Amino acid sequence: MITFIRWYLMKTKEIKLKLAFYKLLEQGVKEVTDNQDELKKQIIHEFAEIIHQNPTAPETE
């Protein structure tokens with residue numbers, strides 16, 4: 001009987017951890033989708049900075 005109780009407590013903790021993880025994941029996805037335009041602008045800006053810092057590009061013939 002004790003092992004069943006321990007198993008039950010272990011499973012409830014496992015389920016709570018999984019739910020907390022999925023909640024954080026869901027919030028992150030929601031944050032990204034809500035600020036999609038700002039995120040695109042930021043990525044493009046950072047990409048442009050990288051290009052300007054390294055102007056040497058392979059030449060195509």
* Structure fact -> Counting only protein heavy atoms and rolling a 1.4 Å probe, one gets per residue an accessible area for the chain in Å² of 108
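Before rounding to the nearest 500, sum -39500 (n - 2.57) across all DSSP H runs of length at least 4 in the chain and divide by the residue total; then give [θ] at 222 nm in deg cm²/dmol.
Values: 2 runs with 51 residues, N = 61.
It comes out at -29500 deg cm²/dmol, rounded to the nearest 500.
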* Give, to the nearest whole percent, the P(r) tail of the chain beyond 19 angstrom, counting all Cα pairs. => 65
* **Apportionment of accessible area to carbon and sulfur, the chain, percent (1.4 Å)** => 63
* To do: Go through Thr33, Ile2, Ile44 and say which Cα lies farthest out towards the positive end of the charge dipole of the chain; charges sit on Cβ, +1 for Lys and Arg, -1 for Asp and Glu.
  => Ile2
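Roughly how many debye, to the nearest 20, is the charge dipole of the chain about its Cα centre, given +1 on each Lys and Arg Cβ, -1 on each Asp and Glu Cβ, and no other charges?
Numbers: 9 positive and 10 negative charges, 210 e Å.
In total the dipole reaches around 1000 debye.
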* Structure fact -> Rounded to the nearest 10, the angle in degrees between the Cα long axis of helix 36-53 and the longest principal axis of the Cα atoms of the chain comes to 50
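The values are calculated or read from the model by the stated rules, or taken from the named source; none is laboratory data. Worth saying up front: this structure is predicted, and the values here are computed from it rather than measured. Using ideal geometry, Cβ is built from the backbone for each residue, glycine included, and neighbour counts are taken over all protein chains shown. Note: accessible area is taken over every heavy atom of the protein model, side chains too, but ligands, DNA and RNA are not part of it. Shrake-Rupley method; radii C 1.70, N 1.55, O 1.52, S 1.80 Å.
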